[in-house]
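Beneath this line is the structure, given in structure tokens, with notes to follow.
The values are calculated or read from the model by the stated rules, or taken from the named source; none is laboratory data. Keep in mind the model is a prediction, meaning the values are calculated, not measured. For neighbour counting, all protein chains shown are included, and Cβ atoms are generated from backbone atoms with ideal geometry for every residue, glycine included. To get the accessible areas, we keep the full protein, side chains included, count just its heavy atoms, and leave off ligands, DNA and RNA. Shrake-Rupley method; radii C 1.70, N 1.55, O 1.52, S 1.80 Å.
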Amino acid sequence: MGELGIVVPAVLAGLTTGAIYALVALGLTLIYGVLHIINFAHGSLLMLALYAAFFLKTLWGIDPYAAVFVLGPAFFALGYVLQRGVIWPASHGQDSMILMVTLGLSIVIDNLALALWTSSTRTVDLPYAFAVIDLKLALIPLPRAVAFVAALAAAGLLWLFLARTDLGRAIRAVAKERLGAQLVGIDVRHVYAMCFGLGTACVAVAACLLLPTFYVTPQVGHAFVLVAFTTVVLGGMGSMEGALIGGLVLGVVETLCGLFLGESLGQIGIFAIFILILLFRPTGLFGGKSA
Amino acid sequence: MSKRPLATRRHVLAAGTAAAALMGFPALLGAQARTVKIGVLHPVTGGLSYSGIQGRHGAQIAIDEINAAGGLKGLGGAKIEPVLADAPSGPAGVAEVAKLNEAGVVAIQGPFASGIALPTTQEAARFGIPFLVDVGVVDQIVQRGLTNTFRFGPGFGKITGGALDNLAAINDAAGKPAKTVFLVHEDGAFGGGMAKLMATELPKRGFEVVGTEAHPTPHRDFTNIVLKIKSANPDLVIPSNYLNEFVLFARTLRQQRVNPKAVYAVLGGGASNIKFVKEHNADAQHIMDVNHWFDPRKPQSQAFQRAVEAKGVDLTYEVMLNHACMHVLAEAIDRAGSTDRAKVTAALAASTFDRHIMPYGPTKFVNGQNEGAQAVNTQIVGQRIEVIFPRAFASAQPVFPVPPKS
Amino acid sequence: MNPRLVVLWTVGLLVALALPHAVASNAWLNFWINTLMFAALGIAWNVLGGYGGQSSFGHAVFFGTGAYGTAVLQIKLGVPALLAAPAAIGLGALVGLFIGGVSFRYGLRGSYFALVTLAFAEVFRILVSSFAFTGAGFGMLIPLDQRPINLQFPSRFAFYYAALALVGIGLAASAMIERSRFGAYLVAIRENEEAAKALGIDVFRIKLGAIVLSAALAAAVGVFYAQYLLFVDAGSAFGPAISVEALLGPIVGGAGTMLGPLLGAIALHGLGEAAKAAMGPQPGLNLILQGLLLILMLRFLPEGLIGAIRRWRGHA
């Protein structure tokens, strides 16, 4: 088979897919890194944001890329309220229970979407959806190139935010030492909710960048959840540069495994990496101390 | 486990059934003049919910027609009352069948997916409930000797055979421009089975298979597969998968500028979906599909199409098959003149019903399989899904090879 | 055992034995078979996750190994179910030994352990759906042949009592854990692994013992599932839904308690049915209600049902 000739375009495609994984994982790594919880509702929130972007486009003609500036803040607020109003009180601040609450939330959100919007597949047709950048060796669809650049920008911005702002420092303090942070007067509940809000806003941004080349159904989030967790673990939880590089690496690994093992068996590549990283370097590529 | 308690259980069960017959049946007989209950079982939540809900719509449209036309005449104008049930998975479906049994359904139709049909038909057999399978293309469904299980639509053996015959005919008529084929299929029961059959059948008809790629459902990215197709440069691409993957696949083909002589889907999820045609008209152009499809010329078809439009439902094969299935069931119950399950089963087995919207001719069940069932070839031309085979009721000539895209 | 408890247990057992006959209804019977089946799975999870504090997110891997084990042995190798069942349970235990061996050897805990089990379940799901020997995408259909040697019974009651027996075995195992030195060590590890190590407990071996026992019990439930439905496929045997089902019952009922998983399963499945009855056939509405009830339960009954009962009895 003439597979060598397609390795280059495949790897490039893997990088652009990986950028989407990174975007979804940026939000998750914030939540996972600080709250130390498995947020089961992450995929459902992605799905919700995809619907939001879809309706903004079809009802009001707002382009998904412009919708970033509407949905980012809106989903930040949603995440903040969910954490403050539902997840915190229902979980009593216990890790294992947060997991169950987010599971409950995801059941509610998924089926709300099903009841409200049916399970019909929805897509948007945009004039630039089939524009490509011709690199001679490969054709890169324009929306994927945009997502790639946006992932770099988002990771950079979040990194700056965590490193340079007071809230960013507070978040890192809570992530490292919850009790200590509390003792020096940091409002832990507020920090948690800010984190969840930011994580949810990241998911909304990811949704806006994904919609031009993908589809929405009430189940669409499930396709990204496990990959997002893998990305977070690979990059090291709480690490923005880790999520970015982790996502890109996984995109390429997935592509290469698919290329040489077939798409079905090739899925195993991601999980094999996941298991190996967990066993041999649970702090991830860029992680700090292990939990 | 010892044998004795089992015997006792069986005894108790028998006693229970007798008691139910004594107490429940008169109630059923009393209610007979007013309504006849039919179980409508589909996966309306979870991953298969689109198809399941579509199927439910089809059954409901048929029931509305039957009731509006005076109900079941053989039962004094009794109206059909659907008992709706959700079967997102096998175990859930089995539990629902027992509930349908207790709700007193005369028959069940559904449940779209083969993996759900296998255990649910078996469960229905325990209660002697006739079960009319709507889609479920896996052939084992009707090969287990279950006398209650009937399948109205064709199985994948039949679909594939017909698909390849028609493909050869189309190719011959155009002067045999296509010689090489690339198969793309989902890795589940139907896609996997289909691909295996085609890999052995295609060479017999003079085609060379230059590549086969399976993918999971859901699948996030088709770039790899499309790149492989690009490098193999086949004349034909044959996909067999579900709607979402089909849409992604078709769009990736266009993104990567791959233009085979034809995309000839066999049960391609999106290729016979009018929504796909409307929303992605450029990607959809000239895609051919072998799928369950109705005969638009039949007298029943006009009313059906109007009802589908009035309900705002997508026109898809799930709706069509379930609409037809409900009419088949209603006619059998009508002819049996009874709500007795055994009599309805016998009436179904003897059915020659043909006043449904599918292009099947008279119904004829052999070991539960409707021998008249066949898939048809469609092609997307402009804003429409045209039937191109069988020629007897084709609405258009096949466009093959397809004109190159701009 | 004090006499009051003996009376309570006897009554409980009699109720369980009579339960399927209380209402002459197959729906009622199926409800209890499903509930007991998942209760047994919850009890299996509870051995490792409840008593041992090692929350697994991938118990489907053991359940699926049991289900696929018995199916493959019967269909591909012609082994009668009566022999295939124990072999499949043994296979499940081996998978437990392997996963426990590598993850505990490398000191995985908390969410890391949860994620690694989840990943193993996915790997198994992909593997069985990739090879013809395990039915690939189609799954495995066990031929209908209702003889006891095939563990197939014409009467549904047989399945009810089999599920009840699974729950009974699981409860007996839990009771032994609560009374044994092994169990005491296991709980000590849950409470403080470093302290347990300092006391000279062989943490690795105790955890390994717990995961093997838990895996064997879960595999037994998988065997039951395969024999009950006579059909398994990769998604329903190794999918995340089973893993969630395994931990949901114990957490709602009360993790690390003997009866918590059973109560949790009954409550969840009961609520599920109630939600279905309340919301009608409109797709999804019943699940919305179920999700809301789950959140409310966590909000107001944080120690699980068992905890709530204990607190209520403490006040009374």
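Side notes on the structure shown:
- Comparing mean-square fluctuations of B:VAL133, B:VAL210, B:VAL263 from a GNM of chain B with C-alpha springs under 10 Å, the top value falls on B:VAL210.
- Top of C:MET258, C:MET297, C:MET140 by mean-square fluctuation, Gaussian network on chain C, Cα under 10 Å: C:MET297
- Seen from B:GLU279, the other residues with C-beta closer than 15 Å to its C-beta sum to a net charge of +4, counting Lys and Arg as +1 and Asp and Glu as -1.
- Helix axis angle, B:243-255 relative to chain B longest principal axis, alpha carbon, degrees: 10 degrees
- Where trypsin sites (Lys or Arg not before Pro) fall in DSSP loop in region B:233-304, at most 15 other Cβ within 10 Å: B:ARG257, B:ARG297
- Ligands, DNA and RNA left out, the 1.4 Å accessible surface of the protein assembly as shown is 65% carbon and sulfur atoms.
- Between chain A and chain B, roughly 3200 Å² of accessible surface gets buried, counting both sides and using a 1.4 Å probe.
- Burial of 50 Å² or greater, region B:201-244 residues [accessible area, probe 1.4 Å, versus chain by itself]: B:ARG220, B:ASP221, B:ASN224, B:LEU227, B:LYS228, B:ASN244
- Put a dot 7 Å past the Cα of B:THR147, heading toward its Cβ, do the same for A:ASP134, and the two dots end up 6.9 nm apart.
- For chain A, the longest site-free run once GluC sites (Glu not before Pro) in DSSP loop states with at most 16 other Cβ atoms within 10 Å are removed: A:4-176
- Estimated inter-spin distance, B:ARG355 and C:ARG205, nm [label 7 Å along Cα→Cβ]: 8.0 nm
- Modelled FRET efficiency - R0 25 Å, C:LEU8 with C:SER180, Cβ distances, 0.05 increments: 0.65
- Mean Kyte hydropathy of 0.0 or more with a Cα span along the axis of at least 24 Å, helices from DSSP in chain C: C:3-22, C:26-46, C:81-105, C:110-128, C:156-179, C:203-229, C:260-279
- Under the span-like rule (Cα at least 24 Å along the axis, Kyte-Doolittle mean at least 1.6), DSSP H helices of chain A: A:4-35, A:64-81, A:95-117, A:142-164, A:188-210, A:240-261
- Using θ = phi - 60° and Karplus 6.51 cos²θ - 1.76 cosθ + 1.60, couplings along region B:367-381 (whole Hz; Gly, Pro as x): 6, x, 8, 6, 5, x, 5, 8, 8, 10, 9, 10, 9, 7, 10
- Candidates B:ILE238, A:MET194, C:ALA188 compared by Cα position along the dipole of the protein assembly as shown: farthest toward the positive end lies C:ALA188, with charges placed on Cβ.
- Straight-line cross-link reach from B:LYS196 at under 21 Å between alpha-carbon atoms covers these lysines, not counting any fewer than eight positions away in the same chain: B:LYS158, B:LYS179, B:LYS204, B:LYS228, C:LYS76.
- Helix axis angle, B:156-173 relative to chain B longest principal axis, alpha carbon, degrees: 30 degrees
- Shape class of chain C from the Cα gyration tensor (axes a ≥ b ≥ c, square roots of the eigenvalues): rounded, since a/c falls below 1.5.
- Taking both sides together, the accessible area buried where A meets C is about 3400 Å² for a 1.4 Å probe.
- In this simple spin-label model, placing a label point 7 Å from the Cα along the Cα-to-Cβ direction at both A:VAL8 and B:LYS311 gives a separation of 5.3 nm.
- Distance violations [Cα-Cα > 22 Å] among B:LYS230/B:LYS275; B:LYS37/C:LYS276; B:LYS73/C:LYS276: B:LYS230/B:LYS275; B:LYS73/C:LYS276
- Accessible surface buried upon B-C contact (total; probe 1.4 Å; Å², nearest 100): 2900 Å²
- Heavy-atom accessible area, 1.4 Å probe, ligands and nucleic acids excluded: residues of region B:81-97 down by at least 10 Å² from chain alone: B:LEU84, B:ASP86, B:PRO91, B:VAL94, B:ALA95, B:GLU96
- FRET efficiency, 1/(1 + (r/R0)^6) with R0 60 Å, evaluated for A:LEU157 and B:ARG297 via beta carbons: 0.50
- Overall, the anisotropy analysis places the protein assembly as shown in the oblate class: the square-rooted eigenvalues a ≥ b ≥ c of its C-alpha gyration tensor yield a/c not less than 1.5, with a/b not exceeding b/c.
- Å² of accessible area per residue within region C:33-263, as computed with a 1.4 Å probe and no ligands counted: 32 Å²
- Database remark: amide H of B:THR35 closer than 5 angstrom to the amide H of B:LYS79 (H placed geometrically; neighbours at sequence offset of 5 or more, or on other chains; Pro and chain starts carry no H).
- Against chain B, whose longest principal axis is taken from its Cα atoms, helix B:317-336 shows a tilt of about 30°.
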